[in-house]
Amino acid sequence: MKARIVVMPGDGIGPEVTSAAVRVLRQVADTFGHAFEFIDTLIGGAAIRAGQPALPADTVAAAKGADAILLGAVGHPDFDHLPPDRRPEAALLGLRRGVGAYANLRPARAWAGLESTGPLRPDVLRGTDLVVVRELLSGLYYGRPRGIAEDRSSAVNTMAYSREEIARIAHVAFTLARSRRRRLVSVDKANVLDVSRLWREVVTEIGREYPDVALTHEYVDAAAMKLVLAPSSFDVIVTENTFGDILSDEAGAVCGSLGLLPSASLGYGAGLFEPVHGSAPNLAGQGIANPIGAILSGAMLLSDGLGLKAEGQAIVASVEHTIASGARTADIAAPGQVALGTVAFTERVLEAGLTSSVRRG
Ligand code: NAD
Ligand code: IPM
Ligand code: MN
């Protein structure tokens, strides 16, 4: 297959982890006989430093002509003073809207070998394998009115959802649940928020079309608690934008590190694939960031973006093998254990891929 993959390294550790993911994707192309063209573009602080807006028109055009987009991360303290619409983060929101990516899939799982890495007891974490389906184009992130009053005496953001916006993300979540363990938890705050009352109503209605999926509803505060008390009880979680942002970071920590989590943002245009973590300015430039979230985003790009399921699965298998072999970056190393840098860890993943391709051959 031929595919144009537009790469947006962005800020902080973004370039370090995307280059790891691109190396793994190149290996897949070689092994499976695909022709991937990688096109580098600017976004976020990297674009601003190059004298361009955070989301350059060229980047949007490349995204619209792409078969898939691989993004690192955006945001840096140097740009925190900018007005909201010129910040690096606004570029990401504009890109998501530009490609119509309303469904953000954020899988989190317990990895063999990392049972004791996170804050939970291994017996609590064991068996955890969930996906947060986060609505990505509405809610507080985009709702109007928004802003700080001129005299700075008040500020407002608006959480708004239309029936259609809720219905389309519900369909994604039910369909995904059908391909997994057929359990869907819809997370809201329907005891307080009107938006959540409509959310619950619409998700319940859509659920009648999926009688084989067991739907339950949970308030977001209780769901956050359950995610640490019994993470393995979840299969698919569907929730609005802000709740999904928060719960997915929590899921990362529960499984051992935010650096482990990939995501796929799907909708009307090219899929956008990015690790769940941010630009981690505290790690940037040191070559120590965990590339797994980005590498697994590459796996989702193949599976969910280009329909190359076996290829995506081969990357997951390489990561599994690498973790099981004891290789660790600093964030997932046990106290006193040697930690590999981003490049050395990525090379272990590449070696694992060669091993399994030799086995296949
Ligand atoms: P962050 O996700 O960058 O970092 C949170 C914590 O996780 C830090 O301790 C960091 O060191 C650690 N971490 C994150 N990724 C890691 C990795 N791959 N390996 C090892 N450790 C990792 O969140 P933050 O510090 O709140 O935000 C930093 C900047 O990133 C901000 O400008 C924020 O707006 C931006 N951000 C961007 C995205 C994105 O582009 N999708 C996501 C979240 C935050
Ligand atoms: C994420 C990030 C973004 C979000 C920010 C950087 C706009 O936190 O992808 O989770 O809140 O969606
Ligand atoms: Mn986030």
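If the segment from Ala317 to Arg26 were pulled out straight at 0.36 nm per residue, it would be longer than the present Cα-Cα gap by 103.1 nm.
Averaging the sequence gap over all C-alpha pairs within less than 8 Å and six or more residues apart, then dividing by the number of residues, gives the range 196-342 a relative contact order of 16 percent.
Counting only DSSP beta bridges with both residues in the range 138-291, tell me the antiparallel percent, nearest 5.
Details: 4 of 14 bridges.
Just about 30 percent of them are antiparallel.
Note: the range 219-355, Cα convex hull, 141 Å³ per residue.
Taking the range 145-195, how much of its Cα-Cα pair set, in percent, is spaced more than 15 angstrom apart?
Numbers: 830 of 1275 pairs.
The proportion of pairs with Cα distances above 15 Å equals 65 percent.
Averaging 1/r over each pair of different alpha-carbon atoms in the range 230-274 and inverting the result gives 11.9 Å, the Kirkwood hydrodynamic radius. Number of Lys pairs in the chain with C-alpha atoms less than 30 angstrom apart, excluding same-chain neighbours closer than eight positions? The result is 4.
Taking R0 as 25 Å, what FRET efficiency do you get between Gln52 and Arg4 from their Cβ-Cβ distance, rounded to the nearest 0.05? Between Gln52 and Arg4 the formula returns 0.70.
Placing +1 on each Lys and Arg Cβ and -1 on each Asp and Glu Cβ, with no other charges, gives the range 224-361 a dipole about its Cα centre of roughly 420 debye.
Computed over the alpha-carbon pairs of the chain, the distance histogram in 10 Å steps reads 5, 24, 34, 27, 9, 1, 0 percent, short to long. Its Cα centre serving as origin, the chain has a Cβ charge dipole (Lys and Arg +1, Asp and Glu -1) of approximately 660 debye.
Candidates Gln52, Val349, Val213 compared by Cα position along the dipole of the chain: farthest toward the positive end lies Val213, with charges placed on Cβ. Restricting the calculation to Cα atoms, every distinct pair contributes to the Kirkwood radius of the range 237-306, found to be 12.9 Å.
For the chain, relative contact order (Cα pairs under 8 Å, six or more residues apart, normalised by length) works out to 22 percent. Over the range 204-248, all Cα pairs binned in 5 Å intervals from 0 give whole-percent P(r) values of 5, 18, 29, 23, 16, 9, 0, listed from short to long. Under conditions of 37 °C and 0.692 mPa s, the range 7-120 yields 208 µm² s⁻¹ as its translational diffusion coefficient, taking Rh as the Kirkwood radius over Cα pairs in the Stokes-Einstein equation.
Scanning the chain for trypsin sites (Lys or Arg not before Pro) in DSSP loops with at most 11 neighbouring Cβ atoms within 10 Å leaves 209-361 as the longest stretch between them.
Read the figures in this text as sums done on the coordinates, not as results from a lab. Everything numeric here is computed off the predicted structure, so don't read it as measured data. Cβ coordinates were reconstructed from backbone atoms using ideal geometry, including for glycine residues, and neighbour counts include every protein chain displayed.
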